[in-house]
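Remarks on the structure that follows.
The values are calculated or read from the model by the stated rules, or taken from the named source; none is laboratory data. As the structure is a computational prediction, the values presented were derived from the model and not from experiment. Glycine also receives a Cβ, built like all others from the backbone with ideal geometry; neighbour counts cover every protein chain displayed.
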Amino acid sequence: MASRVRRTLLNIIPSISESAGQWALQRFSGGLVGQLGDRLTDRFLEVLLYGMDLGFSLSKDYRRNIKDFRGSYVFRTANQRVAASATFADEDMQVQARPVEDWDCRITFKDAAALRRFLFSGNQDILNSLLANEVEVEGNLNYIYRFGFLAKDLGRRLGVV
Amino acid sequence: MPEISLGDLSLSDYGLSDRVTRLRNIYFKAIPEICIERPRLITRFSIDHGFFKSNRISILDKAGMYRYVLEQRIPVVRHSRGVDGDMQPFAFQDNQLFAGSTTSRLKGVPLYPEFLALTLWPELWTMSRRESNPFHITEADVKTLNFDVFPHWLENNILELGRKRYYDQNLQKYGRKKYDPEIKLLERLVFFLASKPECISHTIPDFSKAVKLGLRAVIDEAREKEAAVDDPSRKEFYAAVREVQEGIISYSRNLAAEAERLASLENDPGRKQELLDIAAIHRQVPEFPARSFREALTTVWICWTAAHLENPNIGLSLGRLDQVLYDAYRRDMDQGRLTVADAIELICCLWLKIGDHVPAVPEASEQLFGGTGSNQAITLGGVDRDGNDAVNDLTYVMLRATELMKLRDPNLNARYYSGVNSKDYLRRLCEVNLKTGATPALHNDRAVIKALTSKGETPEQARDYGVIGCVEPGSNGRFYGHTAAILLNLTSVLELALFNGRHRHTGLDLLISKETGDPRTFDTFEQFTGALEEQIRWIADRSTDLNNFFGKIHQDFYPTPILSSLFEGPMEKGQDLIAGGAAINSSAATIIGLADVADSLSAIEKVVFEEKAVSFGELLEALENNFEGYEALQTLLINPEKTPKYGNDDPKADANVRWLVETLDRVFGEKENYRGGKYRVGYWTMTNHAGFGRLMQAMPNGRKARENFTSGITPVSGVTPSLTKALHSVARQPASCLASGVALNLKYTPEQDREKMLDNFAATVEGYFDDAGGQSDGGMEIQFNIVTHDKLADAVLHPENYPELLVRVSGYTAYFKDLNPQMQKEIIDRTEYLLSTGKMVAFEPFPLPNKR
């Protein structure tokens, strides 16, 4: 869904300015700000990926983060009730509500709170997440570092990191 | 044997010069800044030369890259700005006596994307605001790293190159995709840590040739050797040596040119002359032989910056500088060109330069390893290659500089050979400890030399040992032992024996290692130790296999021409250091949790098997419940009068320690590394005993979940009331099994009568080092914190009042305020003794920091 939003936006407003894009990102990402702040729900992952997609659509500067980047992520809970994948290619991010087979990095997390702690470690919780077995990362660890930057960079643009 | 010409060994008439006082204040004011110079240059070169698409990088290719970086990097003669603790820039006028720097910043954080720099990627925007040891970084540098540097290393750092190779290997072997159980074991964090994905380092270069002959002579030697050999790989090696040495010379010439440029702009005659002096020095060295003490120091410093360009700043050590530099010092003194005051000022300036960089520790690792410096050890004193007293005037000059500066880096280590070195020297070492509160660490030559010769080193090589990183002994400039290759959590191995190959941290439904039997079915203590030995063998197999695997990745992707060119062995063999070129090769495991595991064995032996006070089943239940509901059992287990404890001169408890160190030495000693050397074992823990403590559940010695483990080879805190007995227990352990070094951490209460305290201090060290007429080897190493419990507790609450409070961790020194809360607690809780009575001073344990 998010990718459709992105492609539509890009078709409609190809010449959107960076400042206007930044404004629109803040205007339309209220749910994400809440999820990153104090209104965490089980939809954290979905909202995060939507917010990133929106960011790539509206901000050229944010989109520059994925220039020439190819890589696939799978996010899932241990019981696989929540699963999603994000694939980056051609300066675009495709989100699917199921795990893809060929991933570079697979993140298995206990719950939304654990994933948020892991990705937004403002208070030193990455290690706790790993040590408490709340999050397990398989595959190339550098991909999770890069994803962590993308998430934090989005948070910075939204004023929550 | 050098004659000591100093009247007052304390050199108490000499203080910090105005220059050094000012530079020292700036040093403490400045916080670390990320420097992107190195990663930007190596990334550019790697792209241009196709390194990212290559299956192997030759030593000549690497040498070309380092030469390029040395020639391109900014020649910093004078810093002009730093950043303070409020992240505000401040300007200052620099008047250092040494030019050049390891980074482009005043206090820099060099990045090595070939290793683990990418762990900083998620926090590039936030690292300047993190609670623990923040790094300053500019917005432009964040963007450069994010867009132009890090993306190129996604698939190309050592860890991921290794993982890729494991994937391929395991696909062939098991038909499974993305299968890397070997690395997974490492990434579970609780079993062992491996340093190969992080660094090479952990060794001591040989500066003597560069000082005496100059690098031009080394280049000429390499050219001659290259012409004389037919083997293409050896030819390539010598060409690589020439390449990097030309790079180092170019860097020094660039510094000279920059100093001349600055001098031309300078109106102040004094400052102008200082710059011209620097320029003249850099026109001479390191290309040509050092003609003065200052030139000799400059040679060491410039070679040192080059070594750090190639190797991460983790445990790379300077070795026996009082020996390497003594001839130059003596010559200048004899010719009246140098005074003691000049020499102290020069050494102070060098010490500040050595501390011009800190390791890049990500926020998460701060919790396990926070507060560490770069562990650049310097070694003083002891005996020379022939066994003669090697203590000289320069030894005392360096001690005085250390005493005055009270810096974290360099990490000072002093050797002492009882009966050869003077008692005045030992007393002076103790005095510096009293005045700094934490340095130098003291090493017993007799025991260390015995340990090294037991591993095949010649007596001459062993006598010429220097200290690496924390406390690890290695023959100076000729021993590549990667002493921190494996950091093994021994308590996890005990856990595997207690739970039949499983671990509570990873869940008791997951078999981690091998089933060695359910201890509840064991009839004898020996059955349990048999199971433990099997688990030790299992983990030794896994950890050494992984280390050897990554060693081969180093060989293919990380040749080391700079370090190899400053080392005894590679030039003779025409072979890279990491390919086995060093004169002496080994690898090492250092053990975390020795005392906790030994006391657990003693508890099991006494309480379960001898007295049958509880069954093994009940003990395991108590552990799984963290002793809740089993308080009486815990009281029994922690009571040293009821349950034997290491550190009380108790033969049974000490025998369990001995069994462990002999078993570990035997098991690891059977393993061969990727360079044809054998593995050694050490007992020094840095901050890992606190970090691993956080991960581990309750143990049979009565320790509850999340409590700290004990550092190094030190007995468990709070259960060893007598200092003498504690020292006896440690000194009883066989030196031959401790060849990769030990850290014995002691805490003394400062006493009013300093002279009396000094007497007791020196006598205690003598007693600990004594071999009791051959009945024991004597203790190998000892280090101190001399500070009151109250002061440390207050420093936790008011760190702003103690910015320079120096403490010994377990090996290196650190500023107390920089340590994570768990590590601060560990130091506060260490057994504290009053030297005048030799008795423990009792304190309630410091509260465990609140963590989720």
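Observations on the structure shown:
- Of the residues in segment A:96-105, at least one is touching a residue at least 12 places away in the same chain (Cβ under 8 Å), in a strand (DSSP E or B) and either under 30 Å from B:Asn170 (Cβ atoms) or more than 8 Å from chain B (Cβ to nearest Cβ) (or both).
- Pick from segment B:144-162, criterion in a helix (DSSP H, G or I) and at the interface with chain A (Cβ under 9 Å from one of its Cβ atoms), ranking: farthest from B:Ala30 (Cα to Cα): B:Glu160
- Members of segment B:796-814 found to be of a type outside the set (Lys, Arg) and surrounded by 23 or more Cβ atoms within 10 Å (Cβ to Cβ), listed by number: B:Val807, B:Val809, B:Ser810, B:Gly811, B:Tyr812, B:Thr813, B:Ala814
- Taking segment B:328-367 as the range and being over 27 Å from B:Gly247 (Cα atoms) and acidic (Asp, Glu) as the test, the residues that pass are B:Asp332, B:Asp334, B:Asp342, B:Glu345, B:Glu363, B:Glu366.
- All of (1) assigned to a helix (DSSP H, G or I); (2) free of Cβ contacts under 8 Å to residues at least 40 places away in the same chain; (3) of a type in the set (A, V, I, L, M, F, W, C) hold for B:Leu434 with one exception: (2).
- Complete set of residues in segment A:64-78 that are of a type outside the set (Gly, Ala, Ser) and either within 11 Å of chain B (Cβ to nearest Cβ) or in contact with a helix residue (DSSP H, G or I) (Cβ under 7 Å, 6 or more places away or on another chain) (or both): A:Arg64, A:Asn65, A:Ile66, A:Lys67, A:Asp68, A:Phe69, A:Arg70, A:Tyr73, A:Phe75
- Qualifying residue in segment B:827-836 (condition: closer than 30 Å to A:Glu134 by Cβ, within 20 Å of the chain's Cα centre (by Cα) and buried (at least 21 other Cβ atoms within 10 Å of the Cβ)): yes
- Beta carbons closer than 9 Å, at least 6 apart along the sequence or on distinct chains, pair a first residue in segment B:57-82 that is within 10 Å of B:Gly247 (Cα to Cα) with a second that is among the hydrophobic types (A, V, I, L, M, F, W, C) and assigned to a loop (DSSP other than H, G, I, E, B) for B:Met65/B:Ile57.
- The residues of segment B:392-446 that are polar (S, T, N, Q), within 21 Å of B:Asp356 (Cβ to Cβ) and under 19 Å from the mean Cα position of the chain (by Cα), listed by number, are B:Thr402, B:Asn411, B:Asn413, B:Thr439.
- Residues located in segment B:409-427, provided they are of a type in the set (Lys, Arg) and more than 18 Å from B:Arg320 (Cα to Cα): B:Lys423, B:Arg427
- Within segment A:111-145, tally of residues that are at pLDDT 80 or above, within 13 Å of chain B (Cβ to nearest Cβ) and in a loop (DSSP other than H, G, I, E, B): 2
- Among the residues of segment B:266-286, those identified as within 23 Å of B:Gln72 (Cα to Cα) and assigned to a helix (DSSP H, G or I) are B:Leu275, B:Leu276, B:Ile278, B:Ala279, B:Ala280, B:Ile281, B:His282, B:Arg283, B:Gln284.
- Sole residue being surrounded by 22 or more Cβ atoms within 10 Å (Cβ to Cβ), of a type in the set (D, E, K, R) and touching a helix residue (DSSP H, G or I) at 6+ places or on another chain (Cβ under 9 Å), chosen from A:Lys152, A:Lys110: A:Lys152
- Any chance B:Leu120 is within 7 Å of chain A (Cβ to nearest Cβ) and either among the aromatic types (Phe, Trp, Tyr) or within 27 Å of the chain's Cα centre (by Cα) (or both): no
- Members of segment A:65-78 found to be under 17 Å from A:Asn133 (Cα atoms) and under 13 Å from the mean Cα position of the chain (by Cα), listed by number: A:Phe75
- Selection status of B:Gly7, surrounded by fewer than 16 Cβ atoms within 10 Å (Cβ to Cβ), among the small types (Gly, Ala, Ser), free of Cβ contacts under 8 Å to residues at least 12 places away in the same chain and not in a helix (DSSP H, G or I): yes
- Every condition in (1) crowded, with 21+ Cβ neighbours inside 10 Å; (2) free of Cβ contacts under 8 Å to residues at least 60 places away in the same chain holds for B:Pro410 except the one numbered (2).
- The residue that is modelled with the highest pLDDT, counting only those in segment B:801-852 that are part of a loop (DSSP other than H, G, I, E, B) and basic (Lys, Arg), is B:Arg830.
- Note on segment B:163-178: among residues that are part of a helix (DSSP H, G or I) and within 11 Å of another protein chain (Cβ to nearest Cβ), the one that is surrounded by the fewest Cβ atoms within 10 Å (Cβ to Cβ) is B:Lys164.
- Selection of segment B:637-651 for residues being within 14 Å of B:Val597 (Cα to Cα) and either of a type in the set (Asp, Glu) or part of a helix (DSSP H, G or I) (or both) yields B:Leu637, B:Ile638.
- Yes/no for A:Asp38 being modelled with pLDDT under 85 and not β-branched (Val, Ile, Thr): yes
- Positions within segment B:675-687 being crowded, with 24+ Cβ neighbours inside 10 Å and either within 14 Å of chain A (Cβ to nearest Cβ) or in contact with a Lys or Arg (Cβ under 8 Å, 6 or more places away or on another chain) (or both), in sequence order: B:Tyr679, B:Arg680, B:Thr687
- Index of the failed condition, B:Asn656 passing every other in (1) closer than 27 Å to B:Ser615 by Cα; (2) in contact with a Cys (Cβ under 6 Å, 6 or more places away or on another chain): (2)
- Of the criteria (1) surrounded by 17 or more Cβ atoms within 10 Å (Cβ to Cβ); (2) at pLDDT 95 or above, which one B:Thr749 fails: (1)
- Only one of the listed residues (B:Thr395, B:Thr372, B:Thr402, B:Thr379) is more than 14 Å from chain A (Cβ to nearest Cβ) and part of a strand (DSSP E or B). That residue is B:Thr379.
- Residue ID - surrounded by the most Cβ atoms within 10 Å (Cβ to Cβ), chosen from residues in segment B:123-143 that are small (Gly, Ala, Ser) and more than 12 Å from every other protein chain (Cβ to nearest Cβ): B:Ser128
- Just one of the numbered conditions (1) among the basic types (Lys, Arg); (2) more than 9 Å from chain B (Cβ to nearest Cβ); (3) under 15 Å from the mean Cα position of the chain (by Cα) is not true of A:Arg81: (3).
- Those helices (runs of 4 or more DSSP H) lying entirely in segment B:513-624 with at least 3 residues in contact with a strand residue (DSSP E or B) (Cβ under 8 Å, 6 or more places away or on another chain) and surrounded by 21 or more Cβ atoms within 10 Å (Cβ to Cβ): B:525-557
- Output for segment B:179-212, where each listed residue is among the charged types (D, E, K, R), within 11 Å of chain A (Cβ to nearest Cβ) and closer than 26 Å to B:Ala690 by Cα: B:Lys184, B:Glu187, B:Arg188
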